[in-house]
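Enquirer: For reference, the structure I am asking about is given below.
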Amino acid sequence: MFEYPAGSRVRVRAVDPDHHTRVPGYVRGHTGEVVAALGRWPLPDDSARGLPPRVETCYAVRFTAADLWGSGDHTVTVDLWESYLDRP
Amino acid sequence: MGGQTGFGPVPVGPDGDERAVPFGADWEARVYALAAVLRRRGVFNSDELRDAIERLPPEVYLSAPYYERWLGALETLVAEKGVA
Amino acid sequence: MTGHEDLPAAARTRRLEERLIAAGLTSDEEIDEFLTRLYTRAFPVNGARMAARAWTDPAYRELLLADGNAAAAQAGFDGLGYLLRVVANTHQTHNVIVCTLCSCYPVSLLGPSPSWYKSFAYRSRTVREPRAVLAEFGVTLPEDVRISVWDSTSEARYMVLPVRPAGTDGLDAGDLAALVTRNGLVGTALV
């Protein structure tokens, strides 16, 4: 079972690490809906620093333009590793 | 970079670049190939490469052509790892 | 930095190559062989053929959308090295692919990425104002069509399955594949 099932709401942690990460700035602090669990992959934050990587589930998470930008009727789906996420 | 403003129109060439050559110069193709073969050999991984690109000085990141960023990153990684 | 940045990029590249070759980490043959394989194997027709088959074969379409890697393997592309996710356009939804963080792209199925895909303008604006970006490609969608943007931030690579154009019933597989443009597979063109 996945920590965040499809359809559940997740909030992206409002982080600003000084190391490489794959959380785009524009979704940090925003809440979206899990579309799918994609797979378990090494966390880029670790791999980029030459650390033995934590292997985590990566989720496709969908955000609305209205939430991200305050306007627009499109959605943006971003792939995010589990440690980038929290329950809202 | 998502959502950042001020970058102007998308540089779409004629016919949407459907028939554009992938590399503007031989050195660009060789930089692309070098990154791939070194990654394949385990000299660095993709995340280290992306990180090295992101660590380029901001003025280089924003003004250097795309494959020159890769070149800078390769030079950085080769120096940092002391492999050549 | 190493102080080489004053040299033209071509000279810097050759200098780097020579150091790596001297260190035994690569060879001219290896680089040439890699590029030959890239130029002879990675083409948008690869993705186009998969899309065209999905238009005529419902079981393949289902596989393509549920397990892109298995569908790619059936098309002769084993060991992609990434999770292939194919997203279907409908008359209500139009998909567009971007990588805001760098420029991740399914090269083996679409060929090397175009310059515009790697541009700051495309990377920054597509997630924010996709309709305006599509207009710059000459694409105007009806107002009631929703746009779904996919930001390739992980090991997954995305490809769009365009809507089969009307009036194509009599076409064979090759003709159908010829209708599917590279931009159609990224979402910046209708086919």
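Enquirer: Any cysteines in chain C with zero other Cys Cβ atoms under 4.7 Å from their Cβ? List them, or say none.
Expert: C:Cys102
Enquirer: Now a separate question. Could you give the spread of the C-alpha atoms of chain B along their three principal axes, from largest to smallest, in whole angstroms?
Expert: 42, 29, 17
Enquirer: Show me the three semi-axes of the equivalent ellipsoid for the protein assembly as shown, from the C-alpha gyration tensor (sqrt of 5 times each eigenvalue), largest first, rounded to whole Å.
Expert: Taking √(5λ) for each eigenvalue gives 32, 26, 20 Å, largest first.
Enquirer: Would you work out the relative contact order for chain B, in percent, from Cα pairs under 8 angstrom that are 6 or more residues apart? Spell out each step's value before the answer.
Expert: Numbers: 33 pairs, mean separation 21.9, N = 84.
Relative contact order here is 26 percent.
Enquirer: Say each of C:Glu33 and A:Arg87 gets a label point 7 Å from the Cα, pointing the same way as Cα to Cβ; how far apart are those two points in nm?
Expert: Those two pseudo-labels are separated by 5.4 nm.
Enquirer: Here's another thing I want to ask about it. List residues of the range C:125-158, by number, whose backbone nitrogen lies under 12 Å from a label position 7 Å along Cα→C-beta of C:Gln92.
Expert: Correct set: C:145-146.
Enquirer: So, one more: Indicate the gyration tensor shape class of the range C:24-150 (rounded, prolate or oblate), computed on the Cα atoms with a ≥ b ≥ c the square roots of the eigenvalues: a/c under 1.5 is rounded; otherwise a/b larger than b/c is prolate and the rest oblate.
Expert: It is oblate, given that a/c is not under 1.5 and a/b is not larger than b/c.
Enquirer: To continue, here is another question. Looking only at A:Pro53, A:Pro17, A:Pro44, which one moves most when chain A is put into a Gaussian network model with springs between Cα atoms under 10 Å?
Expert: Maximum among the listed residues: A:Pro17.
Enquirer: Another question, then. Quick check on the exposure proxy: order C:Arg61, A:Arg13 from fewest to most C-beta atoms within 10 angstrom.
Expert: A:Arg13, C:Arg61
Enquirer: Determine the shielding of peptide B:35-44 by partner chains: average, over its residues, the number of Cβ atoms on other chains within 10 angstrom of each Cβ.
Expert: Whole-number average of other-chain Cβ neighbours for B:35-44 is 3.
Enquirer: What order do you get for B:26-36, C:157-167, C:20-30 when each peptide is scored by the mean count of other beta carbon atoms within 10 Å, highest first?
Expert: Final packing ranking: B:26-36, C:157-167, C:20-30.
Enquirer: Could you work out, residue by residue across C:7-14, how many beta carbons of other chains sit within 10 Å of that residue's beta carbon, and then give the average as an integer?
Expert: 6
Enquirer: Could you please rank B:Val10, B:Val60, placing first whichever residue has the fewest other Cβ atoms within 10 Å of its Cβ?
Expert: B:Val60, B:Val10
Enquirer: Still on this model: For the range A:9-86, what is the convex hull volume of its Cα atoms per residue in Å³?
Expert: Details: hull volume 5.9 nm³, N = 78.
Each residue corresponds to 76 Å³ of Cα convex hull volume.
Enquirer: Please average, across the residues of A:47-58, the number of beta carbons from any other chain that are within 10 Å of each residue's own beta carbon, and give a whole number.
Expert: 3
Enquirer: Given points 7 Å out from each Cα along the Cα-Cβ axis, report the B:Asp15 to A:Ser8 separation in nanometres with one decimal.
Expert: Result for the modelled spin labels: 5.0 nm.
Enquirer: I would also like to ask the following. For the range A:9-86, what is the charge dipole size about the Cα centre, in debye to the nearest 20, if Lys and Arg each add +1 at the Cβ and Asp and Glu each add -1 at the Cβ? Can you show the working numbers first?
Expert: Details: 9 positive and 11 negative charges, 21 e Å.
The calculated dipole for the range A:9-86 is roughly 100 debye.
Enquirer: If neighbour count is taken as other Cβ atoms inside 10 Å, put B:Lys81, C:Lys118 in order from fewest to most.
Expert: Ordered by Cβ neighbours within 10 Å, fewest first: B:Lys81, C:Lys118.
Enquirer: Which of A:Asp16, A:Asp73, A:Asp45 ends up with the largest GNM mean-square fluctuation for chain A, with Cα atoms connected below 10 Å?
Expert: The residue that fluctuates most here is A:Asp73.
Enquirer: If you don't mind, another one. 222 nm [θ] for the protein assembly as shown, helices only, -39500 (n - 2.57) per DSSP H run of 4+, per residue, to 500?
Expert: Details: 17 runs with 146 residues, N = 363.
Theoretical 222 nm ellipticity from helices: -11000 deg cm²/dmol.
Enquirer: So which residue, out of B:Pro58, B:Pro11, B:Pro22, gets the largest mean-square fluctuation from a GNM of chain B using Cα contacts under 10 Å as springs?
Expert: B:Pro11
Read-outs: derived from the displayed coordinates by stated rules, not from any lab. Source: prediction; values computed, not measured. Note that each Cβ is placed from the backbone with ideal geometry, even for glycine, and that neighbours are counted across all protein chains shown.
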